[in-house]
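Comments concern the structure below.
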2 protein chains.
Amino acid sequence: MEKYCFGIDVGGTTVKIGLFETDGSILEKWEIPTVTDDFGKNILNDICDTLDAKLIEKNIGLDEIEGLGIGLPGPVLDDGTVLQCVNLGWGTFNVSEKLSEMFHGIKVKAGNDANVAALGEAWKGGGKEYDDIVMITLGTGVGGGVVINGKILTGYNGGAGEIGHMHVEDEEKEQCNCGRRGCLEQYASATGIVRLAKRYMASTDVPTKMREIGDAITAKDVFDLAKEGDTGAIQVVNKMGNYLGKSMSSVAAVINPQAFIIGGGVSKAGQYLIDAIKDVYRETCFSACGDAAVHLAELGNDAGIYGAAALVVK
Amino acid sequence: MEKYCFGIDVGGTTVKIGLFETDGSILEKWEIPTVTDDFGKNILNDICDTLDAKLIEKNIGLDEIEGLGIGLPGPVLDDGTVLQCVNLGWGTFNVSEKLSEMFHGIKVKAGNDANVAALGEAWKGGGKEYDDIVMITLGTGVGGGVVINGKILTGYNGGAGEIGHMHVEDEEKEQCNCGRRGCLEQYASATGIVRLAKRYMASTDVPTKMREIGDAITAKDVFDLAKEGDTGAIQVVNKMGNYLGKSMSSVAAVINPQAFIIGGGVSKAGQYLIDAIKDVYRETCFSACGDAAVHLAELGNDAGIYGAAALVVK
């Protein structure tokens, strides 16, 4: 194995890039803007330019580069074909082949960004003690990734790990972003927690400090108030934890992972969030799956570049 | 690869055995009783004796045998360790190593019976067109198995594929065999369907032919009456299909399989059952997973011996 590799995480606004040693030590990380004009036709060019510049700056030869991994915001098949990246303006093509052609024929591996972040956490983050993990990212939406024996489980259409779209509520009237009703994302994302909080306030006259914040309430506010003992906020957190813990027990009945890693902005609520999930999980999961660990993610926004690097070296 | 292999499916009452060519053609199948006396200490001996006798009868040399696979009624780790087989009286030991020692040092692979049956269906049954399948066996209980890239997904504690113990109902008061409340098995197994039928009859005065059968009603009766247009029986089937279809959409959000294969006694209801599941699945699943095929199993009680043979030749 060569000494270096690149890990690239393409988002709708910025492209994050890391230069790694292949043992996983990060040497440098930087960002470039994602230029989505003209159906994102310059994104790969811009990446090649910045990588070339970095190699010159660091005086690293191409023959010292093992390869580069790239995470993308859309479904990606095992062979590197993206089916569609709406946020980038891309249609269907083989990113791995294309980027390899453009960047000196070097080895390129591509994956979905949520899956790649899971791989990053499995490699060097909250899941580094384990071979089989499920990562759940609680952000604006709920993303997920499944890593088995150190490899991403992609699924037939790149749809594996879409934990946020598990159906958890029959009575939901509002639509999820995916078009269905009653998806986990509608309750366990930052947006979902706010929605639960507003529903709670509309449903009762019980005093809660959430009312003082009113419409501007955030998921962080809800967790902060719950930690202070606010009864209403505690109920909202418990409801969210109930949906999430049960979904995790369903996940466990399918793949029986060693550990769940919880990341994303909402996970900043820390151990309090883990506790709200864990009990429900233990109460509903199949007994053989009961000892799965539940940990916080550790790499934050760098999970994507770590995971992308892991694509080529693992 | 040698010409022959054995596939062995150990149940609580009988041991089913198949002699196969390694391309999957079955040459002969037979059964011996499972003697569970003295903590099942003679089971492996009895298997060795009948295999030795078969080799002599068929004039097949040991050097023509690729190996033998064995399915067992309990959790089995990837290295062949059974954690417990209550029905056989067994505790924890490495079955693959033990049976190999006892049977001329030949290659032995072991797996959980439900997982092994899934592998059998994936190899030569309803899933033979696909690489990634989930099998759901609707019998007295609800079993399951996950096959990805032609290999069983075992899970960390051998608990992968336990689809029957996905939590699907918060309001359930009765306990599942696993000790939890609200598992899929409580509604989609033969026993579960009968329970749903009895609950339906107790909850309404609407006329239904199910009442004429009364307490002796079976899952088959329910499906037969539904096919004849009995409103009550149709409602029971729809309720069961609703639980099962939604569970399948949760499974799909985790692993995005190419196909679901439905087996077990209840699956004799045929296409009518598939239709009852499929619409619910399509309505609740994440869009990328919507084109998963849903097929009936094809190997019946032979799925276990086929899958056991597949353990050694795939």
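The values are calculated or read from the model by the stated rules, or taken from the named source; none is laboratory data. Here the structure is a predicted model, which means the values were calculated and not measured. Cβ sites come from the backbone with ideal geometry, for glycine too, and all protein chains shown count toward neighbours. Surface areas here come from the heavy atoms of the whole protein model, side chains and all, with no ligands, DNA or RNA. Shrake-Rupley method; radii C 1.70, N 1.55, O 1.52, S 1.80 Å.
Summary of values
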| read-out | value |
| --- | --- |
| Identity of the residue in segment B:24-57, among the small types (Gly, Ala, Ser) and not in a loop (DSSP other than H, G, I, E, B), that ends up least open to solvent (accessible area, probe 1.4 Å) | B:Gly40 |
| Single match in B:Ser267, B:Ser249 (criterion: among the small types (Gly, Ala, Ser), assigned to a helix (DSSP H, G or I) and surrounded by fewer than 22 Cβ atoms within 10 Å (Cβ to Cβ)) | B:Ser267 |
| Unmet requirement for A:Thr231, which otherwise passes all of (1) surrounded by fewer than 22 Cβ atoms within 10 Å (Cβ to Cβ); (2) more than 14 Å from every other protein chain (Cβ to nearest Cβ); (3) touching a Lys or Arg at 6+ places or on another chain (Cβ under 8 Å) | (3) |
| Within segment A:199-223, tally of residues that are crowded, with 16+ Cβ neighbours inside 10 Å and either of a type in the set (Asp, Glu) or touching a Cys at 6+ places or on another chain (Cβ under 6 Å) (or both) | 1 |
| Counted residues, segment B:159-181 - those being surrounded by fewer than 21 Cβ atoms within 10 Å (Cβ to Cβ) and at the interface with chain A (Cβ under 10 Å from one of its Cβ atoms) | 5 |
| Subset of segment B:1-23 that is among the small types (Gly, Ala, Ser) and at pLDDT below 95 - its residue that is least open to solvent (accessible area, probe 1.4 Å) | B:Gly11 |
| Any chance B:Ile60 is closer than 26 Å to B:Ala118 by Cβ, at pLDDT 95 or above and open to solvent by less than 40 Å² (accessible area, probe 1.4 Å) | no |
| Answer residue from segment B:270-290, given it is aliphatic (A, V, I, L, M) and open to solvent by 10 Å² or more (accessible area, probe 1.4 Å) and is farthest from B:Gly304 (Cα to Cα) among those | B:Ala288 |
| Residues that are within 14 Å of chain A (Cβ to nearest Cβ), in a loop (DSSP other than H, G, I, E, B) and modelled with pLDDT of 95 or more, drawn from segment B:280-314 | B:Ala292 |
| Lone qualifier among A:Ser247, A:Ser203 - being at pLDDT 95 or above and within 8 Å of chain B (Cβ to nearest Cβ) | A:Ser247 |
| All positions within segment A:256-279 that are under 19 Å from A:Gly120 (Cβ atoms) and at the interface with chain B (Cβ under 7 Å from one of its Cβ atoms) | A:Pro257, A:Gln258 |
| Output for segment A:291-307, where each listed residue is crowded, with 22+ Cβ neighbours inside 10 Å and within 30 Å of B:Ile133 (Cβ to Cβ) | A:Ala292, A:Gly307 |
